[in-house]
Amino acid sequence: MLSQRSRYALKALLHLAGARTTAPVSIGSVAAATGISRKFLEAILNDLRREGVVESMRGKLGGYRLSRPADTISFAEVIRASEGPLALFPCASVNFYRPCPDCDVETCSLRQVLARARDEVAGVLEATTLASALQTGGPALHPA
């Protein structure tokens, strides 16, 4: 299940991607437009800044902006930057692999199924960029 942190990260980045400006957008503006608390949004955007997804600028005209074009930032990258692996189990992860202590990774049927599920989910999330999500035209990331 997608965490609230990742959901908010995607909402904030979609707002920045749709801003129609290269100037930084104030955190207050992003918080007001997305309904995300300013304090939580600051923590999320700081994590995304450390991961190179956004840039921040200080001062009166400061704020946040995407570090590169929206068509080069995938949902998978944002989710990994926000919470880590896409896989449900660490033994099924490509980027964050860790063997489970209680099974044989070569013969575990559960791992094989979860690895296929990870591949399918990762394929969709890697293929979906901020720009392509904005082109769908609908409201983004409704609560479940």
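Yes/no matrix, rows are residues, columns are (1) closer than 25 Å to residue 51 by Cβ; (2) of a type in the set (A, V, I, L, M):
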position	(1), (2)
77	yes, no
85	yes, no
100	no, no
110	no, yes
113	no, yes
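In this structure, residue 12 does satisfy being buried (at least 19 other Cβ atoms within 10 Å of the Cβ) and at pLDDT 95 or above.
In summary, residue 45 fulfils each of the numbered conditions (1) buried (at least 19 other Cβ atoms within 10 Å of the Cβ); (2) outside any strand (DSSP E or B); (3) touching a helix residue (DSSP H, G or I) at 6+ places or on another chain (Cβ under 6 Å) with the single exception of condition (3). Flag set for residue 20, criterion: surrounded by fewer than 18 Cβ atoms within 10 Å (Cβ to Cβ), of a type outside the set (Gly, Ala, Ser) and more than 30 Å from residue 121 (Cβ to Cβ). Each residue in segment 81-114 was checked for being closer than 25 Å to residue 9 by Cβ, part of a helix (DSSP H, G or I) and modelled with pLDDT of 80 or more, and 4 of them qualify.
Pairs are defined by a Cβ separation below 7 Å, a sequence spacing of at least 6 or placement on different chains, a first member in segment 45-63 that is in contact (Cβ under 8 Å) with a residue 40 or more places away in the chain, and a second member that is among the acidic types (Asp, Glu); the pairs so defined are 53/77.
Being touching a helix residue (DSSP H, G or I) at 6+ places or on another chain (Cβ under 9 Å), assigned to a loop (DSSP other than H, G, I, E, B) and either of a type in the set (Gly, Ala, Ser) or exposed (fewer than 13 other Cβ atoms within 10 Å of the Cβ) (or both) is not true of residue 117.
The values are calculated or read from the model by the stated rules, or taken from the named source; none is laboratory data. This one's a predicted model, so the numbers in the text were calculated from it and none came from an experiment. Backbone-built Cβ (ideal geometry, glycine too); neighbour counts: all protein chains shown.
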